[in-house]
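J.: Got a structure here, written out as structure tokens. Questions coming.
Computed from the coordinates by the stated procedures, all read-outs in this text should not be read as laboratory data. Computed from a predicted model, the values in this text were never measured in an experiment. We place every Cβ from the backbone using ideal geometry, glycine too, and count neighbours over all the protein chains shown.
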Amino acid sequence: MSLQEWFVSSLTPPRFIGSANYSKILFGDPRFREAVARTVYFTVLAVAAETILGLAMALLFNREFWGRGVLRTLAILPMVATPTAIGLVFVMMYHPTLGVANYLLSVVGLSPFRWTYSSQTALYALALVDVWQWTPLIMLIALAGLASLPREPYEAAHIDGASTLAAFWHITLPLLRPALVVAVLFRAIDALKTFDIIFIMTQGGPANSSETVNILLFNQAFSYFNLGYASSMAVALFAVVLGASLILIKVRRTASW
């Protein structure tokens, strides 16, 4: 289909045009290039925040304290919620005048934000939703990695007088790196394909500021009925996801050495 010129709204049958669609998305469509850059930026922003917060939560829940089981259960609840429902809830929360988000900001003395209603903040507001939902996944994988770490290096470091921070930096982090890379790999693949919360909350707006590749190809296919061109975008997105996956797999193999 990506090698055809095919408008399903027209009575004209599909016409073979070879690689013309790919030439267009690479050289003749700045909107697609901007969508790719926006998709990669959203992925890096969300996954980086999720990795840092997930590791911090894993280190917290790896300790023994009263109520740990209840708090850990509450922490993973966002991950099991339906993305469409989450998107609808955050639409109400982000409302500039009626939403609870700006009310909470006013309580702590901060100025209100426009969240998804401004082209400057829409992508960051969407990344915040993704971080809220998927940080528990990083936490669970990191917790599993922490549970499997040997105790001997920590005992040796304690005898040598190493501080807690030094033990974390020189023992915990290197030993946990393979598990963290796996978590980042899963989340990066998923974040590159994020569609539901963006479509529900902004549909790529305002002014295309949150239009990722998934939203753009959806519009090309089901709003403009240009299935051939949308198919070439889908193949290009697959290439981006595959490239990112291969890079992270290589990083994981290097980390495991």
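J.: If you take just the helices (runs of 4 or more DSSP H) that sit entirely in segment 142-198, which of them hold at least 2 residues that are within 30 Å of Phe238 (Cβ to Cβ)? Even if it seems obvious, please write down each step before you answer.
T.: On the way: elements: 152-159, 164-167, 173-192.
Fully inside segment 142-198 and qualifying: 173-192.
J.: May I ask you to verify whether Ala58 is farther than 30 Å from Ser119 by Cβ, of a type in the set (A, V, I, L, M) and buried (at least 16 other Cβ atoms within 10 Å of the Cβ)?
T.: On the way: farther than 30 Å from Ser119 by Cβ: yes; of a type in the set (A, V, I, L, M): yes; buried (at least 16 other Cβ atoms within 10 Å of the Cβ): yes.
For Ala58, the condition - farther than 30 Å from Ser119 by Cβ, of a type in the set (A, V, I, L, M) and buried (at least 16 other Cβ atoms within 10 Å of the Cβ) - is met.
J.: Quick check on my filter: what residues within segment 65-81 are surrounded by 11 or more Cβ atoms within 10 Å (Cβ to Cβ) and under 16 Å from Val129 (Cβ atoms)?
T.: First, the residues of segment 65-81 that are surrounded by 11 or more Cβ atoms within 10 Å (Cβ to Cβ): 68, 71-72, 74-76, 78-79, 81.
Once the filter is applied, which keeps residues that are surrounded by 11 or more Cβ atoms within 10 Å (Cβ to Cβ) and under 16 Å from Val129 (Cβ atoms), segment 65-81 yields Pro78, Met79, Ala81.
J.: Let me ask something else about it. If you go through segment 102-144 one residue at a time, how many are in contact with a Ser or Thr (Cβ under 8 Å, 6 or more places away or on another chain), small (Gly, Ala, Ser) and surrounded by 18 or more Cβ atoms within 10 Å (Cβ to Cβ)?
T.: 2
J.: Moving on. Would you mind stating whether Met201 is surrounded by 17 or more Cβ atoms within 10 Å (Cβ to Cβ), within 26 Å of Ile17 (Cβ to Cβ) and not β-branched (Val, Ile, Thr)? Working first, answer last.
T.: Values: surrounded by 17 or more Cβ atoms within 10 Å (Cβ to Cβ): yes; within 26 Å of Ile17 (Cβ to Cβ): no; not β-branched (Val, Ile, Thr): yes.
Criteria not met by Met201.
J.: Whether any residue in segment 55-70 is more than 24 Å from Leu248 (Cβ to Cβ), assigned to a helix (DSSP H, G or I) and either among the charged types (D, E, K, R) or under 18 Å from the mean Cα position of the chain (by Cα) (or both) is what I want to check.
T.: There is at least one residue in segment 55-70 that is more than 24 Å from Leu248 (Cβ to Cβ), assigned to a helix (DSSP H, G or I) and either among the charged types (D, E, K, R) or under 18 Å from the mean Cα position of the chain (by Cα) (or both).
J.: Pull out all pairs, ordered by first then second residue, where Cβ-Cβ is under 6 Å, the residues are six or more apart or on different chains, the first lies in segment 208-222 and is assigned to a loop (DSSP other than H, G, I, E, B), and the second is among the charged types (D, E, K, R).
T.: Thr212/Arg38
J.: List the pairs whose first member sits in segment 185-203 and is among the aromatic types (Phe, Trp, Tyr), whose second member is in a helix (DSSP H, G or I), and whose Cβ atoms are under 6 Å apart, counting only residues at least 6 apart or on separate chains?
T.: Matching pairs, first to second residue: Phe195/Asn214.
J.: Taking the residues in segment 21-51 that are part of a helix (DSSP H, G or I) and among the acidic types (Asp, Glu) as candidates, determine which candidate is surrounded by the most Cβ atoms within 10 Å (Cβ to Cβ). It would help to see each step written out before you state the result.
T.: The first filter runs over segment 21-51 and keeps only residues part of a helix (DSSP H, G or I), leaving 21-28, 30-51.
Imposing the further condition that a residue be among the acidic types (Asp, Glu) reduces the set to 34, 50.
Working: Glu34: 14, Glu50: 26.
By that ranking, first place goes to Glu50.
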